[in-house]
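What follows is a short report on a single structure.
Just so it is clear, none of the values below were taken in a lab; they were calculated from the coordinates. Just so it is clear, the model here is predicted, and its values are computed rather than measured. Cβ atoms come from the backbone with ideal geometry, glycine included; neighbour counts cover every protein chain shown.
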Amino acid sequence: MAQDLNANLDAYWMPFTANRQFKKAPRLLTRADGMYFTDDKGRQILDGIAGLWCVNAGHNRPKIVKAIQEQAAEMDFAPPFQMGHPKAFELAEKLVQLTPAGLNKVFYTNSGSESVDTALKMAIAYHRVRGEGARTRLIGRERGYHGVNFGGISVGGMVANRKMFGTMLGGVDHIRHTHDPARNAFSVGQPAHGAEFADDLEKLIALHDASTIAAVIVEPVAGSTGVLIPPQGYLQRLRQICDKHGILLIFDEVITGFGRTGNPFAAQTFGVTPDLMTVAKGLTNGCVPMGAVFATQNIYDAFMNGPEHLIEFFHGYTYSAHPLACAAALGTLETYADEGLLTRAAEMQGYFAECLHSLKGEPNVIDIRNIGLIGGVELTPLPGEPAKRAFNVFLDCWDKGLLVRTTGDTVALSPPLVIEREHIDRIIDTLRGALRRAA
């Protein structure tokens, strides 16, 4: 079986992958169940990253599988423009019962990248329909990740995601990232120092004038750049500045949404409610592509003017509210509710943090960061070979039956929320061994 699979690798140009290295030594997954993948050699691989920050309920969950199967047999597709189907409305009602108070409108997309571009368009259009059409500027953050569409990489701040793709969107600026290892290294949970980094926004407002700025977008926890936890008071300060100047605040919760930080959404964990919030990944447990943008009633109402027969917001996707995706999401929400998974990270984070921070002092570990069931272990780069040390650790963990993720020289962990203590022990023990062997 392995030989047959390995013989047909050439045609596929793989995303965010070292294609040449992979095709010399493929890592092929063939099955998944609970906390584990199975590879093409029959080995069980402990999933330390919930697939790709998305399989929050674990793999092969019966209610999700059944919901998808039954929906495919009943109705495979329904056009989303000028039409609807019951599950789209049922899902929206269930979702807004979980969101922070005030975020009570749902616009469906198919991915986190599409959710981000949708939210950016909503923000600019919102100001225009209110008569403030000069508010077109968007503010992102250094080291931010907001997907891979042009809007997302424009407001994003990860250099490798931007440098090959030209000038991107105009009218975009960035505040500083919050990574401050000199003061905050090895913080458990939110770092004590760095709330003042939010004041960068005031500097950009002074430069550009608030009347030109539509929105600020940040990840509550910056995940793909290496797990950067917001300093205490930082998000609150951003909210205050946005309110002061009439700027919309967008939270990108594609990674943090659906239980990752110990609440349904990180906005609730940190006590800050944005005006727009993007989600995807955990919305369907990764089973069917789907995303969404949550908006306040005020933003929605601003568009509801003019003749009733005219479209209010010229935006959407062929697969918005796809029936299979809605069914998967409903099955996912039921699974989360049955097992208390949207708050389970709060129950497990103490033991997870204790075990994760036990890696302090291991070879080349220069920082450890955590919140909920998210962890990051930052390593000293190999001289002249950035990202290689962490990649070597990734390969070592794979060989020992553990799937982790690396970004730069940080090893990231985001296990399914169904994780038990014995899984945490195995993840940390395997990672510890790999760190020692990589020394």
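Annotations
- Quotient of C-alpha Rg and 2.2 N^0.38 Å, computed over the chain: 0.97
- Put in line by how crowded their Cβ is, counting other Cβ atoms within 10 Å and starting with the fewest, Thr406, Thr38, Thr284 read Thr38, Thr406, Thr284.
- Burial ordering of Tyr12, Tyr234, fewest other beta-carbon atoms within 10 Å first: Tyr12, Tyr234
- In Å, descending, principal axis extents of the Cα set of the stretch 315-405: 50, 34, 29
- Near Cys242, once Lys and Arg are set to +1 and Asp and Glu to -1 for all other residues with Cβ below 14 Å from its Cβ, the sum equals +1.
- Summary of the geometry: the stretch 163-227 and the stretch 235-262, compared by the centres of their Cα atoms, lie 12 Å apart.
- In this Cβ point-charge picture (+1 for Lys and Arg, -1 for Asp and Glu), the stretch 179-335 has a dipole of about 400 debye about its Cα centre.
- Pairs from Lys23/Lys388; Lys63/Lys281; Lys94/Lys244; Lys24/Lys360; Lys121/Lys163 whose Cα-Cα separation, in the structure shown, is over 25 Å: Lys94/Lys244; Lys24/Lys360
- Extension gain from Ala160 to Leu207, taking 0.36 nm per residue of separation minus the Cα-Cα distance: 14.2 nm
- For Lys105, the aspartates and glutamates whose Cα comes closer than 14 Å to its Cα, not counting residues fewer than 8 places off in the same chain, are Glu90, Glu93, Asp275, Asp301.
- Dipole in debye (nearest 20) - the chain, about Cα centre, beta carbon charges: Lys, Arg +1; Asp, Glu -1: 920
- Eligible lysines near Lys66 by straight Cα distance, threshold 16 Å, same-chain separation 8 or greater: Lys87
- When both bridge partners sit in the chain, DSSP labels roughly 65% of those beta bridges antiparallel.
- Inter-site label distance for Met304 and Arg421 at 7 Å from Cα along Cβ, in nm: 5.1
- Reachable aspartates and glutamates from Lys41, criterion Cα separation under 17 angstrom, eight or more residues apart if same chain: Asp4, Asp33, Asp396, Asp399
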